[in-house]
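Report on the following structure.
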Amino acid sequence: MKGIIVAAGYGTRFLPVTKTIPKEMLPLVNVPSIQFIVDEFVASGITDIVIISSRRKKVLEDYFDREIELESVFQREGKTKNLELIAAPKANISFVRQQSMLGTGHALLQVKSWIGSDACVVAYPDDLHMGNTPLAAQLVNTYNETGCSVMASITEPGDVSRYGVLSIAKDGRHVSAIIEKPPVGTEPSHEVSIGRYLYTSEFFEYLEEGWRIHLEAAERAQRAVPVGQPRPPLGEYFHIYALNRLMQEGKVVYCPTEGQRLDTGEPAGYLDALLRYADTKADLRAVIDRFIAERTN
């Protein structure tokens, strides 16, 4: 089993800080968001990991490299705990750059040859997880039971019109469709897709097929433009085509997530995630308690 982290986007919701700092490096207190994903993978037994980045994100490569100078200082000073904090992950981490921002489907195609015939867990660093069983491990367990591609989900009892909502097959296990932002009252279920997937290698074959169709459609649109007029852009390509093909063949199941999802995709969610993580640390919880006390007195 291999792991993929999609980290090539611009992170515009967090401007101005993401002008120079990748969104994936924004920390929950002192731990970068992307570190939580790597730790989740390693705890799930996934040690071959590729990070899809872009040219503006070399700091990600530096972060997961060894820091020889600091290691030497801490070794000389006998600061064992500091050495542990900067130790490289116990994983084989590779990087692939998406040279053109053409969507997540195009990004995943950059690692098709690296995946080969293996299954893989795909993570988007906007979705972090806290719980006893790592989220990737939950997906792997479901894959081992079913042999299918797996979508992670959460049950959202209220309004789901902002989400991608799963349509569940009659067997109660397979996913027959995903409905993006259904109007209130039309939702097929209250199971909401989140940013963690397990894909079989077959997914990448359909992903490549969909990319060819996308290119052909874009080329037709460009040829239709009168001479001298600006041509439309190539447009972004997403993973939905490949996922739909697998659903049509009954090869996708869902995994209701055990534990707590932290959605760091926009500033309010990021702040909520930071506070919830800090609340798990006794010394930081004391700071939160003091703040609340000051606000309520």
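The values are calculated or read from the model by the stated rules, or taken from the named source; none is laboratory data. Model, not experiment: these values are computed from the prediction. Counting neighbours? That spans all protein chains shown, and the Cβs are built from the backbone with ideal geometry, glycine included.
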Only one of Ile37, Ile52 that is closer than 24 Å to Leu275 by Cβ, touching a residue at least 24 places away in the same chain (Cβ under 8 Å) and not small (Gly, Ala, Ser): Ile37
For region 249-281, which residues satisfy the criterion of being acidic (Asp, Glu), part of a loop (DSSP other than H, G, I, E, B) and either closer than 20 Å to His190 by Cα or in contact with a Lys or Arg (Cβ under 6 Å, 6 or more places away or on another chain) (or both)? Glu258, Glu266, Asp279
Among residues belonging to region 79-105 that are within 27 Å of Leu215 (Cβ to Cβ) and of a type in the set (Ser, Thr, Tyr), point out the one that is surrounded by the fewest Cβ atoms within 10 Å (Cβ to Cβ). Ser100
Exactly one condition in (1) at pLDDT 95 or above; (2) part of a helix (DSSP H, G or I) is false for Glu69; which is it? (1)
Could you please let me know if Val165 is modelled with pLDDT of 90 or more and not in a loop (DSSP other than H, G, I, E, B)? yes
Which is at negative phi, hydrophobic (A, V, I, L, M, F, W, C), touching a helix residue (DSSP H, G or I) at 6+ places or on another chain (Cβ under 9 Å) and without any contact (Cβ under 8 Å) to a residue 60 or more places away in the chain, of Leu128, Leu109, Leu135, Leu70? Leu70
Matching residues in region 220-248 (surrounded by fewer than 11 Cβ atoms within 10 Å (Cβ to Cβ) and part of a loop (DSSP other than H, G, I, E, B)) number 7
Go through the residues of region 17-33 one by one and say whether even a single one is closer than 26 Å to Gly116 by Cβ and part of a helix (DSSP H, G or I). yes
Counting only residues that are under 13 Å from Gly105 (Cα atoms) and either surrounded by fewer than 14 Cβ atoms within 10 Å (Cβ to Cβ) or of a type in the set (D, E, K, R) (or both), region 196-219 contains a total of 6
I'd like to verify a number: residues in region 144-165 that are buried (at least 18 other Cβ atoms within 10 Å of the Cβ), under 19 Å from Asn244 (Cα atoms) and more than 18 Å from the chain's Cα centre (by Cα), how many? 1
Could you tell me which residue of region 259-273 is farthest from Lys170 (Cα to Cα), considering only residues that are surrounded by 14 or more Cβ atoms within 10 Å (Cβ to Cβ) and in contact with a helix residue (DSSP H, G or I) (Cβ under 6 Å, 6 or more places away or on another chain)? Thr264
